[in-house]
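Data first, discussion second: the structure below is written as structure tokens.
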Amino acid sequence: TGTGLFFRTASHNSSHIAEPPRCLGPKATSMKNLVRVLKRAGVPLDGVGVQAHETVGEVPTDIRKNLEEFTALGVEVAITELDVKFNTLPPDAVGLAQQRRDFENIVRACAEVERCVGVTVWDFTDKVCGRCRRADMSSG
């Protein structure tokens, strides 16, 4: 209706959930604006799911702040798609250690936010990563 905002709604355990395309950045800002508009209009909105498709060593440092901004709007939040991919394969030991830290930092950010209700891992291995180049996967 002229808002320029993309969203989808789904019913899950009698909760109304809106899921933005991305956890941080302009899309997250647009989603927060949408949450405000929907709540002002009286639309039942209990939670927001955010996607976190990240790259090893490039994980944003403000994930917790972003999650808190959603919960401050009066909704629960969950990370509904978390993956931390490598740009090149196969990874080395240093890269694997960084990937572990990246996953830990993201999960910790959710755990530290009172109304962050969960994390769902997506593409747990780069071998089947939907965001990875086919050429990279052939070596695995």
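Values in this text are rule-based calculations from the coordinates and carry no lab data. Keep in mind the model is a prediction, meaning the values are calculated, not measured. No Cβ is skipped: glycine too gets one built from the backbone with ideal geometry, and neighbour counts run over all protein chains shown.
At-a-glance table
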{"read-out": "Three-way shape label, the stretch 79-128, alpha-carbon gyration tensor, a/c 1.5", "value": "oblate"}
{"read-out": "FRET E, pair ARG36, GLU58, Förster distance 30 Å, beta-carbon r, rounded to 0.05", "value": "0.55"}
{"read-out": "Förster-model FRET efficiency, 35 Å R0, LEU73 and ARG108, C-beta, rounded to 0.05", "value": "0.95"}
{"read-out": "Built amide H within the under 5 Å cut-off of ASP123, gap 5+", "value": "none"}
{"read-out": "³J(HN,Hα) computed for each position of the stretch 53-58 - Karplus, 6.51 cos²θ - 1.76 cosθ + 1.60, integer Hz, glycine/proline x", "value": "9, 10, 10, 3, x, 10"}
{"read-out": "For THR55, distant residues with modelled amide H under 5 Å away", "value": "LYS85"}
